[in-house]
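Remarks on the structure that follows.
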Amino acid sequence: MDVKTGFFYLFSVVLLFSAFRVVTARNPVHAVLFLMLAFSQASAIWLLLNAEFLAITLVLVYLGAVMVLFLFVVMMLDINVDTLRQGFWKNFPLAATLGAVVAFEMTAVLMSGFRLSQAPVAAVAAGSAPVSNSKALGVLLYTEYLMPIQIAAAILLVAMVAAIALTLRQRKDSKAINPSIQVRVRAADRLQVVQMAATQVAPAPAPAAAEENK
């Protein structure tokens, strides 16, 4: 067994363990952390398969943005784990059936093999440097698939602007104060001075109250 195979088995074992802990962890924060570990191990396996673009994309997009967002959301939410686990055994038969079907399909694919005559290899001219798959993918995206890339970018831009517009809309239950109003505030608007006498004569007691006191 060479070094590359050893690293593959190491990353695979850690990936399977972290994926199992994502499902079995009781704390949602721990589950998110194990999911981030699983993504990092999958990225390492893609590096071993010479898929640098997919590995870096997984690290930047999922570990750097999506999973960090999930982690902050889970930490800020007050999740009652006991309430979520009340219907566990009720949904367990359906979940176990779906898991068994997925495991059977993956086993069938792995046991039958991928049936490739030979692995696809990029054509390299004699004496030239090896072609990077990241460079080849970039050239392909921005030449043959330039129009779909531009359309996808425009759709994502519209979605981002719409999300910002929905977030910045005025809410009726919000108690936020306009900063411009706070800047222009004056003491006369908040404080009113009332002239009152320094001392006042106590009122005379009522006749009924005087008789009760006697």
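What follows draws every value from the coordinates through simple rules; no lab data is involved. These numbers were taken from a predicted model, which means no experiment stands behind them. We place every Cβ from the backbone using ideal geometry, glycine too, and count neighbours over all the protein chains shown.
Summary table below
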quantity	calculated
Two-site FRET efficiency, residue 132 against residue 162, from Cβ-Cβ distance with R₀ of 30 Å, rounded to 0.05	0.25
Difference of contour (0.36 nm per residue) and Cα-Cα distance, residue 21 to residue 76	17.6 nm
Inter-site label distance for residue 9 and residue 53 at 7 Å from Cα along Cβ, in nm	3.3
